[in-house]
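Below is one structure, written out as structure tokens, with a few remarks after it.
FYI, it's all coordinate maths here, none of it is from the lab. Source: prediction; values computed, not measured. Neighbour counts are summed over all protein chains in view; Cβ atoms, including those assigned to glycine, are modelled from backbone coordinates with ideal geometry.
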Amino acid sequence: MLGRAVRAVEDITLDVAAGEVVGIAGPNGAGKSTLIAMLLGFLPPDEGTVRIDGVTPRAFVEREGIAYLPELITLPLEWRAIEALARLSALAGIPTALRAVECARVIEAVGIAEHADKRLKALSKGNLQRLGLAQALLADRRVMVFDEPTHGLDPVWTARFRDIVGGLRRADRAILIASHNLDELERLCDRVAIIDRGRLQRVVSVREAEGALGSVVRRWKVRAATGIEALAAHLPGAVVAGQTLECTLDLAALNAGLAVAIAQGALVTAVVPAESSLEEAFRTAVTR
């Protein structure tokens, strides 16, 4: 008996321009993996079209290739890391004479030189993820797709990944990053497409969202060394917990209350949004 048909992705229109870093965010089962599979040419769409530089994904991959880091890299565990990269460089079409040089370059870039001779089964989750990142950097591609790229990475290498993406930006290259980590997407991307139940719910322009904060009513966290009571008195609706309070105000009202409390002797140590503009947009989009 056949199961119920499911529309994994439906009615999505999204353009990614050369020079952009675009994020894809959504809850589990939203359709991100299906969208990436179609973009890579693994799945053809039942309806509509997917085009990269005017041709189908499969035609583009055969012509130029796409750099791709899957969420979980799966390779024979008996292979050594350097052996895996050598084999993958061959699949990437790197000339034989250049493979050793390119493998050494990406090993250095992701900091796994000390693990190069280890078998994959001996690598930690984080080091295996860095190996996956290394293989995505082997060839010079105009399109790069990263699926949960910081999965398993420690804070040091999560920050290092941001530097790597910054170095990959260029006018003729498009970069797509799918992630559950909204903070990372906000740091890395120009725009973020929010997908839920197979549909595109919203595209957030990260820099424009940041610039529009002044007129938006939102939740804020305020921490103080002294004078938390004075702050609460001048920030309507404030809820105090220890030396921290939360309030929901626009930026003008927040600053007015802070100014009065500071004049009365309050020492404010931090003022931050309770959630980022992208987190706010995501929550609104997926609960709508």
Over what distance in Å are the Cα centres of region 78-106 and region 120-197 separated?
20 Å
Residues 251, 35 arranged by fewest to most Cβ contacts within 10 Å:
251, 35
What list of ³J(HN,Hα) couplings, whole Hz, do you get for region 133-147 from phi and the Karplus terms 6.51, -1.76, 1.60, once you set θ to phi - 60° and write x for glycine and proline?
5, 4, 5, 5, 9, 4, 10, 7, 10, 7, 10, 10, 10, 10, 10
Along region 182-192, what does the Karplus equation 6.51 cos²θ - 1.76 cosθ + 1.60 (θ = phi - 60°) give for ³J(HN,Hα), rounded to whole Hz, x for Gly and Pro?
5, 4, 5, 4, 5, 6, 9, 9, 7, 9, 10
Gaussian network model of the chain, springs between alpha carbon atoms under 10 Å - residue of 61, 21, 240 with greatest fluctuation
240
Can you give me the Rg/Rh ratio for the chain, using Cα atoms for both radii and the Kirkwood formula for Rh?
1.07
Less than 12 Å Cβ to Cβ from residue 231, Lys/Arg counted +1 and Asp/Glu -1: what total charge do the surrounding residues give?
0
Under 5 Å between amide hydrogens, which residues at least 5 positions from residue 68 or on another chain qualify, with H placed 1.01 Å from N in the peptide plane?
145
So, with +1 on the Cβ of K and R and -1 on the Cβ of D and E, and no other charges, what is the size of the charge dipole of region 214-287 about its Cα centre, to the nearest 20 debye?
40 debye
With 0.36 nm assigned to each residue of separation and the Cα-Cα distance removed, residue 62 to residue 117 gains 16.7 nm
Return the long-range amide H neighbours of residue 199 (sequence gap of 5 or more, or a different chain), with a cut-off of under 5 Å between placed amide H atoms.
10
Phi-derived 3J(HN,Hα) across region 33-39 with the Karplus relation (6.51, -1.76, 1.60, θ = phi - 60°), rounded Hz, x for Gly and Pro, is 5, 5, 4, 5, 4, 5, 5
Could you list, bin by bin from short to long, the percent of Cα-Cα pairs of region 135-206 in 10 Å steps?
17, 52, 28, 4
Can you give the relative contact order of region 100-206 as a percent, counting alpha carbon pairs under 8 Å and 6+ residues apart?
20 percent
Would you compute, from DSSP H runs of 4+ residues alone, the mean residue ellipticity of the chain at 222 nm, taking -39500 (n - 2.57) per run and dividing by the full residue count, rounded to the nearest 500?
-11500 deg cm²/dmol
Exposed GluC sites (Glu not before Pro) absent - longest run of the chain, DSSP non-H/G/I/E/B, at most 11 other C-beta within 10 Å
79-288
Answer in debye to the nearest 20: the dipole magnitude of the chain about its Cα centre, from +1 Lys/Arg and -1 Asp/Glu charges placed on Cβ, is 400 debye
Choice from 98, 176, 185 with maximal GNM fluctuation in the chain (Cα, 10 Å cutoff)
98
Most mobile listed residue (269, 248, 56) in the chain, GNM with C-alpha springs under 10 Å:
269
Skipping prolines and chain starts, which residues have an amide H placed within reach, meaning under 5 Å, of the one on residue 24, given they are 5 or more residues away or on another chain?
177, 178, 179, 193
Looking at region 116-232, send over the antiparallel percent of its DSSP beta bridges, to the nearest 5.
55 percent
So what is the relative contact order for region 21-210, in percent, with contacts set as C-alpha pairs under 8 Å and at least six apart?
33 percent
Region 229-288: Rg/Rh from Cα coordinates, Kirkwood Rh?
1.05
Taking max minus min of the Cα coordinates of region 23-128 on each principal axis, largest first, gives extents in Å of 47, 35, 23
Put +1 on the Cβ of every Lys and Arg and -1 on every Asp and Glu Cβ in the chain; which of 156, 193, 235 then has its Cα farthest towards the positive end of the dipole?
156
